[in-house]
1. If you average the alpha carbon positions of the range 451-519 and of the range 31-90, how far apart do those two centres end up, in angstrom?
2. With just the Cα atoms defining each centre, how far is the range 126-158 from the range 569-623? Give it in Å.
3. What FRET efficiency comes out for the pair residue 12/residue 149, r = Cβ-Cβ distance, R0 = 22 Å, nearest 0.05?
4. Scan around residue 395 for amide H atoms under 5 Å from its own, H built in the peptide plane at 1.01 Å from N, and keep only partners 5 or more places away or cross-chain.
5. Enumerate the residues in the range 449-474 having an amide nitrogen under 19 Å from the point lying 7 Å beyond the Cα of residue 370 toward its Cβ.
6. Once amide H atoms are built 1.01 Å from N in the peptide plane, which residues 5 or more positions from residue 571, or in another chain, come under 5 Å H to H?
7. How high is the FRET efficiency between residue 82 and residue 49 when r is their beta carbon distance and R₀ equals 22 Å, given to the nearest 0.05?
8. With the cut-off at 20 Å, report for the range 293-401 the share of all Cα pairs above it, as a whole percent.
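Throughout, read-outs are computed from the coordinates displayed, never taken from laboratory work. A quick note: this is a predicted structure, and the numbers were derived from the prediction, not measured. Here the Cβ positions follow ideal geometry from the backbone for every residue, glycine too, while neighbour counts run over all protein chains shown.
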Amino acid sequence: MDTTQSKISLKKSWQLHQRGMKLWYQREPKLIIYLFLESLLIVAMPYVLIYFSAKILNELGNQRRVEELVKWIVWTLVVESVLGILKEVVRYQKMKYQGMSSLLNSEFYVDKMLTMDYQKFATSHIHDLRTQIKESENWTGVGLLRVLKITEEIFQSILGILGGVLLTFSLFTSVVTTTSDELIWLNHPLLVAILFILSILGTMLPPFFMNKSGEYWIRLASESRDGNRFGMFFSYYMNQSDRGLDVRMYEQDKITEQYILEHNVYQDRNSLFAQYSRGGIGIFRSLAAISSVIFSGFVYLYVCLKAWGGAFGVGSVTQYIGAILSLANHVSKFVEAIGSTQTNAEFLQVNFELLDQPNELYQGTLTTEKRSDRNYSIEFCNVSFKYPDSDTFVLKNISLKFEIGKRIAIVGENGSGKTTFIKLLCRLYDPTEGEIRLNGIDIRKYNYTDYLNLFSVVFQDFKLLSLTIGENVAANREYEEEKVKLALDESGFSERLDHSPEGLKSYLYKDFNPAGIEISGGEAQKIAIARALYKDAPFMILDEPTASLDPIAEEEIYQKFNQIVSDKTAVYISHRLSSCRFCDEILVFDKGEIIQRGHHNELVNQSKEKYSELWTAQAQYYQ
């Protein structure tokens, strides 16, 4: 966030806050409703007590009628008891929903990231925005989370102002009855107007100074970013079980502690935070406290003088002083809350910049045919591609047609464009030039979800969930057990499944279940392959599917390869060229281009070409 920009206007800040309130109401309306109801009850209880106490004290100071005293005491007990019970009931409901606020807040961004075009999702800008939001929330809870707190403060302050005005209105209309010239001037209309203006100023100054102090926190956001980023990363890093060995063997806790302390603005006496605390922050907070004390003294003086002049009884003194101070407090809170919307607006802009990211990938309308014969033809026609914000083509003039039911291997050195080719095939990105056709039609014209359903993919960096084995394979809570078992058997996981305590219902890892099983990288890869098999899509894409398997397990997978893919068209990316012998055709990528294609026996004999070079380099380790 660029803190050098001009301050956001109050109008714009309020619009951003209103939008944040609307988002929260749409996500969980009961949370906002209970915030309002609790605010109403929190404000009402002290005002009711002030009002009834004044009635009791006035009666004690005047006629002392027992029946009147009993009446007001009973009313006080009954009303306060009812309001207290209601407040606790409402608070319980509010806390129930407020306890979910962090989860609901995360859902705003999870939903957006899941529905965002992958080509935009993968950019550094999007992840930088998400990181900024997390850091700001971790720092002082600003952004959408702060909207809830500010909304609650606004509810309470507005209701408090209304109650305070109601209880103090008669203070200015009551007349001093004494004949003494020393106090009769308190009845002058001009004085009442002046006192009213002074009261407004007295209630406005403390929050004004507090808001001026709060503006410094915006300027501190950039300085605190590195400290927050290091703190968040290392606190997460140290809690990862798979990093425990490295942390202990190399005492990594010491270096992480140094980084955190080095970037902690609260411990650096020369940081902006320290300078602002000694300067603007401290000065404005002191002025807020001083102006508040002066105003309180003025209130006591004015109310007591009017009571001395016979304008009202001693009980009303407690009513007016309590109500005015409470009114002033609520006015201060209101001004502070409005000021907080302006402070928070700087961070809300980042929230909404992420949430407002438009999807630009064209969503087609054609449905893909549901063919039992899997007769789907895909063709690349002069396809070139460069990533967003890059001027370098990573794929150049790729033209090829996938033959139905064939096994195709894609090989090449790192950075040759293999994985990018697969991302284009799955339409995670659209070509920069040229087009990809399904059954002769540009794939952009097909319904996006329908098109994705044509592919089962095992990516190189696949992820499994800490759920049951069956749910991981099916990617669903409900699944066909026999179909899941068959997929696991075909991928080579059946033996481990037989030794799992609850079979398909065994949890992976221990995040959600202490009885969860820990699996090796190779076993995880077999489950990922089973997941692709279970989907049973016409195209199977395997990006380094055996990278974590030992040679024996790899051989087992490839022996079953033809059986596994059945009548599917299979695309297989690998660095281990020994696997290519099982494929019908091999595509050799180099610097974004297809430089060779053919069968293993054909390509390996082209001694001066890239495939033979790669094969020879690997074969020497097996001879």
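1. Comparing the Cα centres of the range 451-519 and the range 31-90, I get a distance of 61 Å.
2. Cα centroid of the range 126-158 versus Cα centroid of the range 569-623: 54 Å apart.
3. 0.65
4. Those qualifying (amide H under 5 Å, at least 5 residues apart or on another chain) are 385.
5. Label zone hits: 449-456.
6. Counting only residues 5 or more places away or on other chains, the set is 408, 540, 541, 542.
7. Step by step, r from the Cβ atoms, then E = 0.95.
8. 74
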